[in-house]
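Working notes, beginning with the structure itself.
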Amino acid sequence: MYIPYGFDGKGENPTKSCSISVNVDNPETPFISIVLGDGAAVQIQGGEVTLRGAGGTSHVTIGRDATQIVGELRVTGGVSLGSEAAMPLVLYEAFAAWAMALEAKISASVVGPPAVPFASLSALMKTKFTKAA
């Protein structure tokens, strides 16, 4: 089903359209698609459901065994990553400030070779893709 809308100034040519497609030509891979004029879409095919944003660069695909999120993800509320045994994460900036202050105190009072400086290890501790506030 094709539904044109948003016609030009003359009211003759559509500038946008919505479509709903159902295709069962191949019973092994039936396909259902709903696409809005701005590009947002819901597609069901091959055991997967994909929700796509209007920009076309972000989408969520729910498959048989996994869910894939492509694009920036913002979550308001709690998130548990991993299993039920997941534990709280430490906020890096606060931990780094505490560790460097502790390191300075210990270094000032200990005689002998210094321990491995925290700053040299801190880059290894930062998460690259997981951030929290």
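Couple of notes before you dig in:
- Qualifying residue in the stretch 31-54 (condition: open to solvent by 60 Å² or more (accessible area, probe 1.4 Å), in a helix (DSSP H, G or I) and at pLDDT 85 or above): no
- Check on I106, of a type in the set (A, V, I, L, M), closer than 30 Å to P4 by Cβ and free of Cβ contacts under 8 Å to residues at least 24 places away in the same chain: no
- Qualifying residue in the stretch 67-78 (condition: loosely packed, with under 12 Cβ neighbours inside 10 Å, polar (S, T, N, Q) and touching a strand residue (DSSP E or B) at 6+ places or on another chain (Cβ under 9 Å)): yes
The values are calculated or read from the model by the stated rules, or taken from the named source; none is laboratory data. The structure displayed is predicted, hence computed values, not measured ones. Reconstructed Cβ throughout: ideal geometry from the backbone, glycine too, with neighbour counts over all protein chains shown. Just the protein is used for accessible areas: all its heavy atoms, side chains included, with ligands, DNA and RNA removed. Shrake-Rupley method; radii C 1.70, N 1.55, O 1.52, S 1.80 Å.
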